[in-house]
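These notes concern the structure reproduced below.
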Amino acid sequence: MTVYFIGAGPGAADLITLRGARTLAACWVCLYAGSLVPRELLAECPPDARLVDTAQLDLDRITEELVRAHRDGHDVARLHSGDPSVFSAVAEQMRRLDAAGVPYEVVPGVPAFAAAAAALKRELTVPTVGQTVILTRIAQQATAMPEGEDLATLGRSGALIVLHLAARHVDRVVDELLPHYGPDCPAAVVAYASRPDELVLRGTLDEIGRQVKDAGVLRTAVIMVGRTLGAEQFGDSHLYSPERDRHSC
């Protein structure tokens, strides 16, 4: 039997992939993060499926549930918010399943930053303005960041920075990025992206902190800072240029 790590998407139940929904419907055990995964998705599970909310479980207990279901002959859906490849804590679960000899597969999902970009109606990579996106977080009441991945270092690139799990510490984010991006750099915060209570804040780097605090945003949000968020005057992409030789593609 197999454990399927399924990306549940950013929040809206209909943003799970078709493969994710079909896999969920075929698994008789489902472990899900109750505080992050929309409960409407659980309706995709078989009627008699065992549903386990992992919000209050530590890694050992989660692993026990996965291994037990495997030994009982059941496929398992392990629902994670967003996409399992980013800030999902999937790596340590996989390591433990490897040690236990339990097979697993990964079903990708729509990540939070993509849903945030959709809410902003922005392409994050704009020709001649910015072609790099940095996905990161800060080390505040969480696992320490590796050396060289602090905001002061990453900010030197000038690339669009997308911060997860940082809304509660927006003042620190602003202070560390201001020297590199300047006070007038476009910034945005999207909370609960794709959900009915989605909140979008737009402004400049020197004013976004006040907006976040005034709105009371504390969690389930991404902070974006970079010139592409406000780009209006830029060259067209070579992708659709009439000068491009399409016969050699």
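Within the stretch 93-132, which residues are over 30 Å from Glu198 (Cβ atoms) and either touching a Ser or Thr at 6+ places or on another chain (Cβ under 8 Å) or among the β-branched types (Val, Ile, Thr) (or both)?
Hits for the stretch 93-132 are Arg96, Leu97, Ala100, Val102, Pro103, Tyr104, Glu105, Thr128.
If I ask for residues that are part of a loop (DSSP other than H, G, I, E, B) and over 18 Å from the mean Cα position of the chain (by Cα), which ones from the stretch 160-183 would you list?
Within the stretch 160-183, Gly182, Pro183 meet the criteria.
Looking only at strands (runs of 3 or more DSSP E) that fall completely inside the stretch 6-89, which ones have 3 or more residues that are touching a residue at least 60 places away in the same chain (Cβ under 8 Å), crowded, with 16+ Cβ neighbours inside 10 Å and under 18 Å from the mean Cα position of the chain (by Cα)?
Ranges flagged: 76-80.
Here are some residues: Ala55, Ala33, Ala25. Which one is more than 16 Å from Gly7 (Cα to Cα) and of a type outside the set (D, E, K, R)?
Going through Ala55, Ala33, Ala25 in turn, the sole match is Ala55.
Each value in this text was obtained by applying a stated rule to the coordinates, not by laboratory testing. Not measured: the values here are computed from a predicted model. Every residue, glycine among them, receives a Cβ derived from its backbone with ideal geometry; neighbour counts consider all protein chains shown.
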